[in-house]
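Reading through the structure tokens given below for one structure.
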There are 2 protein chains.
Amino acid sequence: MTQDVDGNTSLIAHIGYPTGSFKAPMIYNPYFEHIKLNALVVPIGVKPEDFETSFPAIFRFSNIHGALITMPHKVHVLSFLDEISTTAKVAGACNAVRKDADGRLIGDMFDGEGFTRGLLRKGVTSAGASALVVGSGGVGSAIAASLAAARVSRLGLYDVNVAAMQALGERLQSHYPELEIELQTNDPAGYDVLVNATPLGMKPGDPMPIDMARLSSDTFVGEVVMKQEMTPFLSQAVARGCKVQVGVDMLFEQIPAYLEFFGFRTTTADVLRDLAHIHY
Amino acid sequence: MTQDVDGNTSLIAHIGYPTGSFKAPMIYNPYFEHIKLNALVVPIGVKPEDFETSFPAIFRFSNIHGALITMPHKVHVLSFLDEISTTAKVAGACNAVRKDADGRLIGDMFDGEGFTRGLLRKGVTSAGASALVVGSGGVGSAIAASLAAARVSRLGLYDVNVAAMQALGERLQSHYPELEIELQTNDPAGYDVLVNATPLGMKPGDPMPIDMARLSSDTFVGEVVMKQEMTPFLSQAVARGCKVQVGVDMLFEQIPAYLEFFGFRTTTADVLRDLAHIHY
């Protein structure tokens, strides 16, 4: 059940393609109903070839409040914005857009914020810590950007796509000149936090993204895959005595950040999880 | 409460500006929930200057099913359609658009259909009857078009805007060459049905749209104003012994016609009225 829609409903356009696997409407809308906020997350399927015309048209709607941007538009959307957060600049992508009172479009990126907020809730302070992010694709870049924003002091990057990893390193360094960056390292030894932002370790028999023998029980280990709670990679980390964060934690932990961004009353990930009409 | 919105929800865009007084979401969405149809009427505010870009963009959304078109776009939308019903052509306006499987946009007009369906439910058969429509504006033209489609044999038209009345008469005659049309008559004597499609008679002290002394108790009298049930005009008709139809009846009577047009399971006006989250 979502709140009654009427002529005064503010729209959050959830823009992506295809739309079938969208989760946000089932998380936000029950919360909006709960706090009696007349707003609605509306799934809107926009094909890549239509984005250039559809995105500006959507933001001309008189009742548009903002948008959640998902695949395949997270990078392309950057060129349509008036203001871009540092995190979105470093990530090289944007997944939330707000229309301000003066009509300016403000973009931010929260894919990595769920990870750092989840760390904090589990007692891991990012500020001053060291982190290794394996995988410099979309989600790896977002997590690296959020870890930098949360003031880690040392950040290791690794990707088989060396150019992507180098580009991420350069963006990080230009926005965080004090940050110690180690390029193309996949040795987790000595890192406080390890993130697997690659597809490896999802399926039984997958090679591990790192040499697990080098993983200390002191390292906090995170995963981005949401389709299953415990991936083979996480299971091995647990077996080695590590504390872990499952992928879906990122999903719910990031919603309060969006709510703040959109200027809505915020809440905790636990409340959102209880209200959501999806379950893992 | 409306049905859970998710990535498989089909959208009916309710397009107009401003959106504040939109009623359709509170009528359709509770019904969609009731029949467990994963569809949603979404209010979308489109200013006149944006229609040309927004309307085609909306119909490029991959999950768009159709649109309800309201003020101020009902006339302008005609130039964006691939196929237009006779009723919409005669009315000179369109308030419903469906995207067919082949991508073609089909437009129809149901503002008058609610009136003729309401007549039928009250035992008045339009076929072969005579009707006087006072007012040749948007709603008057739509009712005249629907009465012609319902095969009235004689139709009287009246408007202080003679050009609008004449243009409506020409459109009617070109599509219904057998129809007997009387131009610029506001004498209700001898008509089976009288419709007030003018703003006159809304407020106490308003001049009546016709000479009420010429109104026979045999004439069925309809009103299009929805803001109040019994207008002074209707009250006078009732005092003269006429059967009447209030404006809001038109609203609920026309919804089944839209449901059929969109290919959804249909129902009765009474069911819709019971389920609706608005009440008059």
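The values are calculated or read from the model by the stated rules, or taken from the named source; none is laboratory data. Worth saying up front: this structure is predicted, and the values here are computed from it rather than measured. For neighbour counting, all protein chains shown are included, and Cβ atoms are generated from backbone atoms with ideal geometry for every residue, glycine included. When the accessible area is computed, the model is the full protein with side chains, heavy atoms only, and any ligands, DNA or RNA have been set aside. Shrake-Rupley method; radii C 1.70, N 1.55, O 1.52, S 1.80 Å.
Give just the number: which of (1) outside any strand (DSSP E or B); (2) modelled with pLDDT of 95 or more does B:Val133 not satisfy?
Against the list (1) outside any strand (DSSP E or B); (2) modelled with pLDDT of 95 or more, B:Val133 comes up short only on (1).
Can you work out which of the residues in the range B:230-249 that are open to solvent by less than 30 Å² (accessible area, probe 1.4 Å) and touching a strand residue (DSSP E or B) at 6+ places or on another chain (Cβ under 8 Å) is nearest to B:His65 (Cα to Cα)?
B:Gly247
Name the one entry in A:Leu179, A:Leu119 that is open to solvent by less than 10 Å² (accessible area, probe 1.4 Å) and touching a residue at least 24 places away in the same chain (Cβ under 8 Å). Let's see the steps before the verdict.
Working: A:Leu179 fails: open to solvent by less than 10 Å² (accessible area, probe 1.4 Å).
None of the other options fit; the residue is A:Leu119.
Restricted to the range B:86-134, and to residues that are in contact with a helix residue (DSSP H, G or I) (Cβ under 6 Å, 6 or more places away or on another chain) and of a type in the set (Val, Ile, Thr), which residue is farthest from B:Val248 (Cα to Cα)?
Filtering the range B:86-134 for residues that are in contact with a helix residue (DSSP H, G or I) (Cβ under 6 Å, 6 or more places away or on another chain) and of a type in the set (Val, Ile, Thr), the one farthest from B:Val248 (Cα to Cα) comes out as B:Thr86.
Within the range A:54-74, how many residues are open to solvent by 10 Å² or more (accessible area, probe 1.4 Å) and without any contact (Cβ under 8 Å) to a residue 24 or more places away in the chain?
Total satisfying the criteria: 2.
I'm told A:Thr219 meets every condition in (1) out of contact with any Cys (no Cβ under 7 Å at 6 or more places or on another chain); (2) open to solvent by less than 20 Å² (accessible area, probe 1.4 Å) except one. Can you identify the failing condition by its number?
The failed condition is (1).
State all residues of the range B:215-248 that are of a type in the set (Gly, Ala, Ser) and in a loop (DSSP other than H, G, I, E, B); if no residue qualifies, say none. Quick ask: steps written out before the conclusion?
Just the residues of the range B:215-248 that are of a type in the set (Gly, Ala, Ser), to begin with: B:216-217, B:222, B:235, B:237, B:239, B:241, B:247.
Answer for the range B:215-248, where residues must be of a type in the set (Gly, Ala, Ser) and in a loop (DSSP other than H, G, I, E, B): B:Ser216, B:Ser217, B:Gly241.
Working only within the range A:187-214, note down all residues that are buried (at least 19 other Cβ atoms within 10 Å of the Cβ) and not in a loop (DSSP other than H, G, I, E, B).
A:Val193, A:Leu194, A:Val195, A:Asn196 - these are the residues of the range A:187-214 that are buried (at least 19 other Cβ atoms within 10 Å of the Cβ) and not in a loop (DSSP other than H, G, I, E, B).
Pairs needed: first member in the range B:257-280, not assigned by TED's automatic domain parsing to the domain that holds B:Leu120 and among the aromatic types (Phe, Trp, Tyr); second member anywhere, at pLDDT 95 or above and open to solvent by 20 Å² or more (accessible area, probe 1.4 Å); C-beta distance under 7 Å; at least 6 residues apart or different chains.
The qualifying pairs are B:Phe261/B:Arg98; B:Phe261/B:Asp108; B:Phe262/B:His65; B:Phe262/B:Arg98; B:Phe264/B:Leu37.
B:Leu155 fails exactly one of the following numbered conditions: (1) touching a helix residue (DSSP H, G or I) at 6+ places or on another chain (Cβ under 7 Å); (2) within 17 Å of B:Ser85 (Cα to Cα); (3) buried (at least 19 other Cβ atoms within 10 Å of the Cβ). What is the number of that condition?
Of the numbered conditions (1) touching a helix residue (DSSP H, G or I) at 6+ places or on another chain (Cβ under 7 Å); (2) within 17 Å of B:Ser85 (Cα to Cα); (3) buried (at least 19 other Cβ atoms within 10 Å of the Cβ), the odd one out for B:Leu155 is (2).
Out of B:Glu113, B:Glu49, I need the residue that is of a type outside the set (Lys, Arg) and within 30 Å of B:Asp274 (Cα to Cα). Which one?
Values: B:Glu49 fails: within 30 Å of B:Asp274 (Cα to Cα).
That would be B:Glu113, the only listed residue that is of a type outside the set (Lys, Arg) and within 30 Å of B:Asp274 (Cα to Cα).
Report yes if B:Val42 is among the aliphatic types (A, V, I, L, M), more than 30 Å from A:Thr19 (Cβ to Cβ) and crowded, with 19+ Cβ neighbours inside 10 Å, otherwise no.
Details: among the aliphatic types (A, V, I, L, M): yes; more than 30 Å from A:Thr19 (Cβ to Cβ): no; crowded, with 19+ Cβ neighbours inside 10 Å: yes.
Criteria not met by B:Val42.
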